[in-house]
Amino acid sequence: MNSNDAYGALKRFDEEYIPFPPFIAAANSIDANIAQYRETGLAQHLLVLGESGTGKSSLCRWVGEKYPRSVLLDRDLVPSLIVAVPPAATIASVAEAMLARLGDPSPSTGSISAKTARVITLCRGCRVEMVLFDEAQHIHDRGQVATHYMVGDWLKNLIDEMGVPTVFLGLPRLENLLQVNEQLRRRFSRRLRLALGQSDTETIDTECLQLFVTLGSCLPLRLSTGDYSWPELGRRLYFASDGRVAYIKRLLAGALRHAMETDAEQIGPTQLERVFTEEIWWEGIGALNPFNTEFKFRRLDRGNEPFERGSYKTPARGKSSC
Ligand SMILES: Nc1ncnc2c1ncn2[C@@H]1O[C@H](COP(=O)(O)OP(=O)(O)OP(=O)(O)O)[C@@H](O)[C@H]1O
Ligand SMILES: [Mg+2]
C-alpha cells in the first residue's frame, strides 16, 4: 500500500458516517420530528445523551449536512440551527452563541431579554425548523439548583417562543438539569442514548464487533482475529472501546498507520494491542490491555483508567482521526 492510498483511505475513513443502531435511532427521530413539524407545525423535543466519543457532535454534523443552510438575496435560510453551548454557559452566552450562528452582526449587544427577542425574530426570519444544542451539559455545569431552575425556565420559554423542534445533546449528567425543572422535563419526555448495548437481539460484544468490521471495511486492509475467535475479539473490542465509536475508530486508524510503517496487510490483535497502548491508554499493558492474552475481562473504568466516568482521553501521540 503506498502512502497516498493510505492517506486517502484515512481521510475517507474519518469522514464516513457509519449507521450503527443508536445513531440510526437518533437520526430517524430527528428526521421524524422535522417531518412532523413541516406537516403539522407541532414541535417535539428530544434529549440525546452519551458519554464522550459516542457520536453526539457527529450527529449534529450529519443533521447540518442533511438540512443545509442556503443563501438568498435578502437572507440566509437555516433549516437546522446547530449551537455549540459554550463552557460555563450563562443565559446570555447561550443567546449570544445562537445569535452568532444566525448571522447577527453584534451578538453580544443588548440585555438578555433583547438578545432573546432577537434570537426569536431571527429564527423566524431564517425559517429555522430545528435547533440542536450540542454540549448542552455546559448549561448544567454552572451554578446550583436555583441557577439550574432559572436557566431551565429561560430555555422552556425560548423553546415555546421559537415553536420549532429542539434537540439537546450532552453527557449523561445533562439529565440532572431536567430533573430540576419540571416544565422543561415535560417537554423532553423523549430521551435517547447513543451508547452501544441497547439492542434486544445483539450483545454489546457483537455490536462492537459489527461496528469494527463495518468501519474496517472502509480500510484497504484485511481484518484478522489472530488466535482468538470472532466472538472473543468482539468481547475484547468492547473492553477496549467501552462501546464508543470514537475508540473503535481510533484503534483502526492507528492500526492503519502502523500497517503503513510496517507494510503489514492485515489488522489483528497484535496490532490492536500496540495501538491500544499508544493511542488509548499508555498504561494499558499486559493484563490491562484488552488484546493481551493475560487480560482479566473487566471494564477499564476505575480511577485513572481510560473509561473512568466523564473522561475522554486525547490520543497518546500524533493526530487522531477521531
Ligand atoms: N456515525 C458515525 N460514523 C462514523 N464515525 C463516527 C460516527 N459517530 C461518531 N464517529 C466518530 O467518533 C468520533 C467522536 O465522535 P463525536 O465527536 O461526535 O463524539 P461526541 O459524543 O460529540 O464526544 P464529546 O462528548 O467528547 O464531544 C468522531 O470524530 C467520529 O470520527
Ligand atoms: Mg461532541
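A compact table of results
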quantity	calculated
Enumeration of residues in the range 243-268 that are away from ligand 2 (no atom under 16 Å from the Cβ) and either among the small types (G, A, S) or closer than 21 Å to D205 by Cα (or both)	G243, I248, L251, L252, A253, G254, A255, A259, A264, I267, G268
Leading residue by the ranking (farthest from ligand 1 (Cβ to nearest atom)) among those in the range 142-198 that are under 17 Å from L42 (Cα atoms) and small (G, A, S)	G163
Set V245, V131: member being within 16 Å of ligand 1 (Cβ to nearest atom) and within 22 Å of the chain's Cα centre (by Cα)	V245
Filter result for G268 (small (G, A, S) and more than 13 Å from ligand 1 (Cβ to nearest atom))	yes
Contacts under 6 angstrom Cβ, first residue in the range 203-225 being at pLDDT 95 or above, partner of a type in the set (K, R), 6 or more apart	D205/R235
Answer residue from the range 153-194, given it is within 16 Å of ligand 2 (Cβ to nearest atom) and at pLDDT below 90 and is surrounded by the most Cβ atoms within 10 Å (Cβ to Cβ) among those	L174
Failed item, numbered, when T293 is tested on (1) modelled with pLDDT under 95; (2) exposed (fewer than 13 other Cβ atoms within 10 Å of the Cβ)	(1)
Of residues in the range 13-34 being among the charged types (D, E, K, R) and in a helix (DSSP H, G or I), the one nearest to ligand 1 (Cβ to nearest atom)	D14
Pairs where the first residue, in the range 161-178, is among the hydroxyl-bearing types (S, T, Y) and the second is outside any helix (DSSP H, G or I), C-beta under 6 Å, 6+ apart	T166/H45; T166/V131
Some residue of the range 231-239 being among the basic types (K, R) and surrounded by 15 or more Cβ atoms within 10 Å (Cβ to Cβ)	yes
Hits in the range 28-69 - residues which are surrounded by fewer than 12 Cβ atoms within 10 Å (Cβ to Cβ) and modelled with pLDDT under 95	none
Verdict on L10 being within 16 Å of ligand 1 (Cβ to nearest atom), modelled with pLDDT under 95 and surrounded by 15 or more Cβ atoms within 10 Å (Cβ to Cβ)	yes
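Quick grid of which residues meet (1) more than 30 Å from A253 (Cα to Cα); (2) in contact with a Cys (Cβ under 6 Å, 6 or more places away or on another chain):
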position: F13; (1), (2): no, yes
position: F23; (1), (2): no, no
position: A27; (1), (2): no, no
position: A35; (1), (2): yes, no
position: I82; (1), (2): no, yes
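Here's the yes/no breakdown for (1) under 30 Å from G8 (Cα atoms); (2) at pLDDT 90 or above; (3) assigned by TED's automatic domain parsing to the domain that holds G53:
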site: Y228; (1), (2), (3): no, yes, no
site: I248; (1), (2), (3): yes, yes, no
site: G254; (1), (2), (3): yes, yes, no
site: H258; (1), (2), (3): yes, no, no
site: R299; (1), (2), (3): no, yes, no
site: K313; (1), (2), (3): yes, no, no
site: R317; (1), (2), (3): yes, no, no
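The values are calculated or read from the model by the stated rules, or taken from the named source; none is laboratory data. Please read all numbers here as calculations on a predicted model, not as lab measurements. Reconstructed Cβ throughout: ideal geometry from the backbone, glycine too, with neighbour counts over all protein chains shown.
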